[in-house]
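Contents: one structure, followed by commentary.
The values are calculated or read from the model by the stated rules, or taken from the named source; none is laboratory data. Owing to the predicted nature of the structure, the values given are computational and were not obtained by experimental measurement. Every residue, glycine among them, receives a Cβ derived from its backbone with ideal geometry; neighbour counts consider all protein chains shown. Accessible surface is based on the protein model in full, side chains and every heavy atom, while ligands, DNA and RNA are left aside. Shrake-Rupley method; radii C 1.70, N 1.55, O 1.52, S 1.80 Å.
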Amino acid sequence: MTNKELITQLGIAAVKFYPQYKILPSMTIAQAILESNWGKSGLAKDCHNYFGMKWTNTCGTSFKEYSTQEQKEDKTWYTVKARFRKYANVSEGILGYYEFLNYTRYRNLKGVTDYRESCILIKEDGWATDVSYTSKLIRLIRDNELWKYDLQVIYTKPPTGTINPDSNFLSIVWLQYRLNICLAGIKAYVPLIVDGDYGTKTRAAVLLYWKQLKWKPATGWGVGINTKTALVNERRV
């Protein structure tokens, strides 16, 4: 399975389960990639356990024992033997991940729409001992544009209200992504880094888009319903 095929497979499942579990797809996919080394780990291949979920005698699955690395607070690593959950197929493994997140300590993840916050919380909740765990997840999400799956589940319609520098993170991600689509091919345009930061570069892209549409530029930074509608319809002229 290629990396792209793995992302697609995980993304389909993450989007499917979102209405029930409300866990951001981007974090789900990033965790699976990180924990399974892109699906190449023995745990993923042998047990359909992409998330490194450990076994308990109440989890309702069989198990397989592996050596695993843990990290202390002083950043030193040590090896331990641990039992991990074993699933019959990929679908059961992904569902098992969401059921695992139903534990009380992970319930603060439910309904979060900013993948940065989710990646911070999953580490603080005790999922991993790796002190760089959060930054690794965020890097995977950005490098592989996994936030696109978040847009699928959160914004089946354009974000409500005016989008401005103080808007929520994901609505700005939506704006930057749509601007990149609609301004693609414009010689003067350098695609935005889709990072949820509405700064001067995003403002310049908005102004350039209005110019392409032959609209009079507004003095404020707000992006209203007319611009959002044009972006959804990928209007270019």
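Under 9 Å between Cβ atoms, which residue pairs at least 6 apart in sequence (or on different chains) link something in the stretch 23-41 that is at positive phi and assigned to a loop (DSSP other than H, G, I, E, B) with a partner that is open to solvent by less than 60 Å² (accessible area, probe 1.4 Å) and of a type outside the set (A, V, I, L, M)?
Gly39/Tyr50
Go through the stretch 16-70 and give me each residue that's open to solvent by 20 Å² or more (accessible area, probe 1.4 Å), of a type in the set (Ser, Thr, Tyr) and over 15 Å from the mean Cα position of the chain (by Cα).
Correct list: Ser41, Thr56, Thr58, Thr61, Ser62, Tyr66, Ser67, Thr68.
Scan the stretch 115-128 residue by residue and report those that are more than 11 Å from Leu24 (Cβ to Cβ) and outside any loop (DSSP other than H, G, I, E, B).
Scanning the stretch 115-128 gives Ile120, Lys123, Glu124.
Only one of these conditions is not met by Asp150: (1) without any contact (Cβ under 8 Å) to a residue 60 or more places away in the chain; (2) acidic (Asp, Glu); (3) touching a Phe, Trp or Tyr at 6+ places or on another chain (Cβ under 9 Å). Which number is it?
Against the list (1) without any contact (Cβ under 8 Å) to a residue 60 or more places away in the chain; (2) acidic (Asp, Glu); (3) touching a Phe, Trp or Tyr at 6+ places or on another chain (Cβ under 9 Å), Asp150 comes up short only on (1).
Determine, yes or no, whether Tyr106 is open to solvent by less than 60 Å² (accessible area, probe 1.4 Å), in contact with a helix residue (DSSP H, G or I) (Cβ under 8 Å, 6 or more places away or on another chain), free of Cβ contacts under 8 Å to residues at least 24 places away in the same chain and within 30 Å of Asn168 (Cα to Cα).
When the stated conditions are applied, Tyr106 passes them.
Considering only helices (runs of 4 or more DSSP H) fully contained in the stretch 129-229, which possess at least 2 residues that are hydroxyl-bearing (Ser, Thr, Tyr)?
Output list reads 133-143, 169-182, 200-212.
Considering every residue within the stretch 93-101, establish whether at least one is buried (at least 19 other Cβ atoms within 10 Å of the Cβ), within 25 Å of the chain's Cα centre (by Cα) and of a type in the set (D, E, K, R).
Scanning the stretch 93-101 turns up no residue that is buried (at least 19 other Cβ atoms within 10 Å of the Cβ), within 25 Å of the chain's Cα centre (by Cα) and of a type in the set (D, E, K, R).
Can you spot a residue in the stretch 214-234 that is within 20 Å of the chain's Cα centre (by Cα) and farther than 30 Å from Ile12 by Cβ?
Among the residues of the stretch 214-234, not one is within 20 Å of the chain's Cα centre (by Cα) and farther than 30 Å from Ile12 by Cβ, which makes the answer no.
Only one of these conditions is not met by Leu146: (1) open to solvent by 30 Å² or more (accessible area, probe 1.4 Å); (2) closer than 23 Å to Phe17 by Cβ. Which number is it?
Among (1) open to solvent by 30 Å² or more (accessible area, probe 1.4 Å); (2) closer than 23 Å to Phe17 by Cβ, Leu146 violates only (1).
In the stretch 52-91, what count of residues is obtained for those that are under 19 Å from Ile33 (Cα atoms), among the hydrophobic types (A, V, I, L, M, F, W, C) and in a loop (DSSP other than H, G, I, E, B)?
1
Given the condition in contact with a strand residue (DSSP E or B) (Cβ under 7 Å, 6 or more places away or on another chain), open to solvent by less than 70 Å² (accessible area, probe 1.4 Å) and touching a residue at least 60 places away in the same chain (Cβ under 8 Å), answer yes or no: does some residue in the stretch 71-90 qualify?
yes
Could you count how many residues in the stretch 113-139 are farther than 20 Å from Tyr18 by Cα, aliphatic (A, V, I, L, M) and open to solvent by 30 Å² or more (accessible area, probe 1.4 Å)?
1
Considering each residue of the stretch 1-22, count those that are basic (Lys, Arg) and assigned to a loop (DSSP other than H, G, I, E, B), and give that number.
1
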